[in-house]
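Working notes, beginning with the structure itself.
The values are calculated or read from the model by the stated rules, or taken from the named source; none is laboratory data. None of these values were measured; they are calculated from a predicted model. Cβ coordinates were reconstructed from backbone atoms using ideal geometry, including for glycine residues, and neighbour counts include every protein chain displayed.
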Amino acid sequence: MTVKRLEDFVNEPTLDFTKPEHVREMKDALSKVEQELGREFPLHIGSEKIMTDKKITSINPGQVDQVIGYMSSSSQELAEKAMNTALSTFETWKHVPAAERASYLFRAAELLRQRRYEFSAWLILESGKNYEEADGEVAEAIDFMEYYGRAMLKLDEDEHGLTKIAGENNRLTFIPLGVGVVIPPWNFPLAICVGLTVSAVVTGNTVLLKPASVTPIIAYQFVKIMEEAGLPSGVINFIPGSSKEIGDYLTAHPQTRFISFTGSKDVGLHINKIAGQTAPGQKWIKRVNAEMGGKDGIVVDETANLEAAATAVVESAFSFQGQKCSAGSRLIAVASIYDQLVEKVVERTKQLAVGAGSENYPVGPVIDRSAYERILEYMEIGKAEGRLLCGGEKAEGNGYYLKPTIIAEVVRNSRIMQEEIFGPVLAVAKAQDWKEAIEIYNDTEYGLTGSFFSQEQDRLDYAVAHMHCGNLYLNRKCTGALVGVHPFGGFNMSGTDSKSGSYDYLKLFTQGKLYTQKQ
């Protein structure tokens, strides 16, 4: 197989669903996948496919009486078996040449590219995405495989800028850590699952993959594709299950070398606390790579292009129902253009129809009943804290549908300005000037993404220096980071700023080893 190089990387193009042929192929894929629903799925531990009596039931959030599948659920005993398998496999996998490890990613990327409609269909049915969101996620998953494969080749060959001295040959290498626990989120159950897993695998580690319990089937499809790509058994061990039963157990396990997690702040802090306690027999400090969400905001000053800003606000706040850690859930506008901008945002929001992702509605369901009820509670809190401009209630349909909601005239310390809602709720605050707007933006415990709209370069430069977040976007929406283009990760309670989709990200799964040979 021809090994691809880093310089060849380009982002996977997304499909244009204004073209009838793409819509037709997506509908055909949905029909095909719907014929496969309701099956039982096994764990993968080494070469074994294990069915358990205890099952996780995955349902379609947009059609709650439709079962996607029944996923076998791991016990602690099986988790321990998976750990031992991963440990054993690591002893051989860590010695596999970097180019060979990368080749499995390239093969899997090509398989995923060939089946992009099928994988999009699984995403639509299991997570409630529409066509564009699902296809964009498949493209991102392909990007992670292609990019990290190339990045591993570079990491393996890079001389890392060592100073040369007479009489010695020096070489800095980055070797794998060991066995890691990978815990991806439900909101990007393919792309982030792929990114967290293959970055660890390509650097020579073995993993225990515990997918989100509401979206385990799409993760299973990824594991199958890695198997088809020829990845040796035991490199990825697939063990869905309860976080309390096996998540905490594996996080505390003395043989766990690292934990890669994407999810809520509370769970991330819980994982970090457990990982920080040294277990008997543990020889290392565990690494925690955590991305824990955000309370992201868009700041608009009086010089901004208000049409562009309004469009960006709506896309950032309500794409995938606001269920993105990067979602723009706060709008902070300068007083002189506040009313004008808010009117444009409300006008665009009211045009968003709510319905099933399988019918490609702009706004689909939220993920499950727990999220549905929690977001409804926040809508009521928002009504008490500000002025409801639109939404604020359930939407029709046999699923967890909510109307996109805008609450205006809220103060910076209100709950809906401070707490991550993870749903289609936008809080709007007014600032007297653009500097105060930036102060309001920074008044949060999070620091993931942000946007600043202005036509004054000195203000844009000020925003770069003073808006405290991991990913700042100027005059564009705050969602839609591309692998290799926008390395992604945030500050403060948004996580460890691990910057996924970057060359340096792979070093998080390695340890530097310097060797010197005297001439």
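The requirement of being closer than 30 Å to His486 by Cα, surrounded by fewer than 22 Cβ atoms within 10 Å (Cβ to Cβ) and of a type in the set (Ser, Thr, Tyr) is not satisfied by Tyr446. Among all positions in region 358-368, there is no residue which is in contact with a Gly (Cβ under 7 Å, 6 or more places away or on another chain) and part of a strand (DSSP E or B). Any idea which of Val267, Val202, Val223 is surrounded by 24 or more Cβ atoms within 10 Å (Cβ to Cβ), assigned by TED's automatic domain parsing to the domain that holds Ile183 and either farther than 23 Å from Ser498 by Cα or out of contact with any Cys (no Cβ under 9 Å at 6 or more places or on another chain) (or both)? From the options Val267, Val202, Val223, the qualifying one is Val202. Checking every residue in region 279-287 against the condition of being within 26 Å of Lys403 (Cα to Cα) and of a type in the set (Val, Ile, Thr) gives zero matches. Out of all the residues in region 332-350, is one or more assigned by TED's automatic domain parsing to the domain that holds Gln455, touching a Ser or Thr at 6+ places or on another chain (Cβ under 9 Å) and in a loop (DSSP other than H, G, I, E, B)? Checking region 332-350: not a single residue is assigned by TED's automatic domain parsing to the domain that holds Gln455, touching a Ser or Thr at 6+ places or on another chain (Cβ under 9 Å) and in a loop (DSSP other than H, G, I, E, B). Could you check, for region 139-154, whether at least one of its residues is among the β-branched types (Val, Ile, Thr) and out of contact with any Lys or Arg (no Cβ under 7 Å at 6 or more places or on another chain)? There is no residue in region 139-154 that is among the β-branched types (Val, Ile, Thr) and out of contact with any Lys or Arg (no Cβ under 7 Å at 6 or more places or on another chain).
Of the strands (runs of 3 or more DSSP E) contained entirely in region 1-91, those carrying at least 1 residues that are touching a Leu at 6+ places or on another chain (Cβ under 6 Å) fall at 48-50, 55-60, 63-72.
Which of the residues belonging to region 219-239 are assigned to a loop (DSSP other than H, G, I, E, B) and touching a Leu at 6+ places or on another chain (Cβ under 7 Å)?
Scanning region 219-239 gives Ala229, Ile239.
Going through (1) in the same structural domain as Thr206 (by TED's automatic domain parsing); (2) over 22 Å from Gly263 (Cα atoms) one by one, Phe453 falls short only on (1).
The rows are residues; the columns are (1) within 22 Å of the chain's Cα centre (by Cα); (2) closer than 30 Å to Asp65 by Cβ.
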position: Arg374; (1), (2): yes, yes
position: Cys390; (1), (2): no, yes
position: Thr405; (1), (2): no, yes
position: Ile416; (1), (2): no, no
position: Glu436; (1), (2): no, no
position: Glu439; (1), (2): no, no
position: Gly447; (1), (2): yes, no
position: Gly450; (1), (2): yes, no
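Restricting attention to region 302-336, the residues being acidic (Asp, Glu) and in contact with a strand residue (DSSP E or B) (Cβ under 7 Å, 6 or more places away or on another chain) number 1. Among the conditions (1) in a helix (DSSP H, G or I); (2) in contact (Cβ under 8 Å) with a residue 40 or more places away in the chain; (3) surrounded by fewer than 24 Cβ atoms within 10 Å (Cβ to Cβ), the only one that Glu137 does not satisfy is (3).
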